[in-house]
Amino acid sequence: MTGLSVLALAILPVVVAPNSDTPKSETPKSETLVTAHSISQPATATRAEVTVVRGEQLRRTGERTLPRALGRAAGVWLQETNLGGGSVFLRGLTGNQVLIMIDGVRVNDSTTRSGPNQILNSIDPFTIERVEVIRGPQSVLYGSDGIGGVISIWTRKRSPLKEGEEAFQGSFSAGYDGASDGGVASASASYADAKNGWLAIGGYHDFDDLEGGDGETQEFTGYDGWSGFASWEHALAEDRNLRLVSSFYRDTDVPRTDKLVTGFGQTQPSATLFHFAVEQRERHILSYTDTAGDAFYERAEGRVSFRRYREDRERMDTGSSTTRFERDDVRTLGLGFDFAQFAGPNHLLTWGVDVNYDDVNSSRSDVTAGVATARDGAFAPNARYLAFGAFVRDEVLGLGEWDLTMGLRYSFFDFRYDSFANQATPGAGNGNFDAITASVQVARDAGEHTRVSASLAQGFRAPNLDDLAKNGSFAGGDELANADLDPERSLTAALALDTQFERVQATFAVFHTIISDLIGRELSDAGDVNVIGDETYVRQNQGRARIYGAELGGSVDLGRELPLSLELGATWTRGTQEDNTFDPVLGAQPFDGVPLRRVPPLHGRVGLRYERSQSSQLFGGPAGGPWAQFHFDWALLEVIWASHQGRLAPGDLSDPRINPRGTDSWTSVNLEVGGPLSADAFGVGSAWSLGVHNLFDNEYRVHGSGFDAPGAGLVATLTWVR
């Protein structure tokens, strides 16, 4: 096997997000990422589309949750409907058009909604080893939902004991967030012997109501919760191992802020009570990895998983005397196999299959004057959803001056449910659909310091039970499911340029996506024209959408003797909906050529980073003084900004979270410093950080969010390792 073949199988040059914990003189401009999963990124992948963020980088930000930390460390757009949620946007898309995975297993299930969701918020940042942010369609490898991209999360583990390691290790971390007058705490313990490695992590978080830039406390934002995580790795042989991962995360009494405060265009909030009383996720994954290379594959991985998501809601609409208690309980069984094999010295095949089966139980009880009445749950009774996929990817290196990657996937879906008990026209639903998706990407060096790539990739999103079997509320009215929907299908063309010199690296990408059969909502009954809130909507395939944009990133070393670097990043996205649905009342096509919903404005960041290759004492006090154990290693002065967003879709104009005049431009300045604690006193790996977020206490709202951004706040973290 040639060295080039080994490179293709095991590594990927990627951009390391700028919050690196490595001293500046030791920080590479690109990182060799050895994946823990047989579906590694191909050699044609570019730094413009793949960003890797290590767990230490996330924790360095001082942010209270994973989505906020990821937004800072990876430069992705983040929208928060409530403090207990946080949904990232990749290439203009979010919700169930962006796939989230943990340890090679999808987190999105058949109930993942189309709008922003709380998935990322339900993952403890202290359990993360790294996050891979992959922009652009990934449906060939991962199936449904990956139109905008994939957030692939890999968790921490303790491997069997290596020479020179301590058998027992432990740590404690705590962080404070001044804007919410709350914080997080995490404790871990691990033990290893020659064949086994165990790791356990417990976490707790508690946040008070958030203080905005005007100094006013924002009601209905605070919440609390806890988490648990365990990993066991067992070496069956030198190149074969088993790993079992279990995690549990629970938030309690999370307010749906945008429903409880008076929004734009409202004289009163839409609800007097709307809490996620329980948001609970658990996950259990057993995986087997084989790199022996003595069968029909060089590398293989198999995974069996069980996941469960429970959401309890307590609701009372404004003007109503009825309290609604709702529960959705989703249980998922998953199975997947991936293989990688060389078909020649520079020819790598990767193939695999995956199966996921969802069992959804939904209930509701209405209580009026102490009398409870059973009602239909949000999802139809006995709702079931099966997803199957098989894929193959062919990677050819050195095809002339080009590298080539091609992929093909077949996906099949089957669903069924019983009729709603209170449905006016009873009727069960069932059906199936399939999809074939393909992708091709080519890349080549264009000189000593430059590499270019071009890709054409299909994507798709299969209608899930949130579309097919759920009745709910929308815009104050009712929304009905539709069992007769087609999958959303996309085609994306992208061109990327990577440059890397001794002191300068930069990436630039442009993309254009067309999504056909876009699933949206259509007004089916306007109700009484003099009454707001009695409208009825139904899920429908509505024409298509066009999304295009450009992404720029890079960094500049300002000098070998001066340990400073300048970091830059910006993203511009534009989206348009094309829908020729005719409205007989208006006598027009009101949704044809309008802006797409929730598209972020032009936004970016500028950062000035200081990194020392050797520690220095923080205040230079005398030995044994109060600061003698604190060392100063790094500092970051960062400006995050967004321009005015005045391109609003009809759905944006009626959204109480969004100012109908558009969302104002804003800037936020963050200052952070940190470094290690003395290894003699605290242990190797112990560290501290201190910072101020939104330094100038600017008052602003992120486009689409349900509350104003945090005002000026002190953040602090402390990690003790033994």
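Read-outs throughout are calculated quantities, based only on the coordinates presented, and are distinct from any laboratory measurement. Quantities reported herein were computed from a predicted structural model and do not represent experimental measurements. Reconstructed Cβ throughout: ideal geometry from the backbone, glycine too, with neighbour counts over all protein chains shown.
A few notes on this one:
- Put a dot 7 Å past the Cα of residue 438, heading toward its Cβ, do the same for residue 580, and the two dots end up 2.7 nm apart.
- Anchor residue 162: aspartates and glutamates whose Cα lies under 16 Å away (excluding residues fewer than 8 positions away in-chain): 193, 233, 238, 239
- Between residue 316 and residue 331, the contour length at 0.36 nm per residue exceeds the alpha carbon distance by 2.7 nm.
- Dipole check for segment 270-350: with +1 at the C-beta of Lys and Arg, -1 at the C-beta of Asp and Glu, and the Cα centre as origin, the magnitude is about 240 Debye.
- Ordered by the number of other Cβ atoms lying within 10 Å of each residue's own Cβ, fewest first, 275, 347, 703 fall into the sequence 347, 275, 703.
- Mean sequence separation of contacting Cα pairs (under 8 Å, at least six apart), scaled by the length of segment 463-520, corresponds to a relative contact order of 29 percent.
- Gain on full extension, evaluated as 0.36 nm per residue between residue 430 and residue 647 minus their Cα-Cα distance, stands at 74.3 nm.
- Size of segment 3-721 as Cα extents on the principal axes (Å, biggest first): 75, 62, 47
- Think of each Lys and Arg Cβ as +1 and each Asp and Glu Cβ as -1; about the Cα centre, that makes the dipole of the chain roughly 820 debye.
- Each Lys and Arg contributes +1 and each Asp and Glu -1, all at the Cβ; summed about the Cα centre of segment 322-408, the dipole is approximately 520 debye.
- Counted residue by residue at 0.36 nm each, then reduced by the alpha carbon distance between them, the extension gain from residue 159 to residue 224 reaches 20.2 nm.
- In this label model, residue 570 and residue 185 are separated by 4.5 nm, measuring between points 7 Å along each Cα→Cβ vector.
- Sparse packing (at most 14 other Cβ atoms within 10 Å of the Cβ) combined with a DSSP loop state is found for the following trypsin sites (Lys or Arg not before Pro) in segment 191-252: 195.
- Of the chymotrypsin sites (Phe, Trp or Tyr not before Pro) found in segment 496-529, those in coil by DSSP whose Cβ has at most 14 other Cβ atoms within 10 Å are 501.
- Simple spin-label estimate for residue 195 and residue 347 gives 4.2 nm between the two label positions (7 Å along the Cα-to-Cβ direction from each Cα).
- Sites residue 371 and residue 253 - FRET efficiency at Förster radius 25 Å, r taken between beta-carbons, to 0.05: 0.50
- Loop-resident sites, segment 274-325, for chymotrypsin sites (Phe, Trp or Tyr not before Pro), counting at most 11 other Cβ within 10 Å (DSSP): 296
- 4 °C / 1.567 mPa s Stokes-Einstein diffusion coefficient of segment 71-177, Kirkwood radius on C-alpha pairs, µm²/s: 84 µm²/s
- Spin-label proximity, residue 637 to segment 662-683 - amide N less than 16 Å from point 7 Å beyond Cα toward beta carbon: 668-674
- For the chain, the relative contact order comes to 11 percent (Cα pairs under 8 Å, sequence separation of at least 6).
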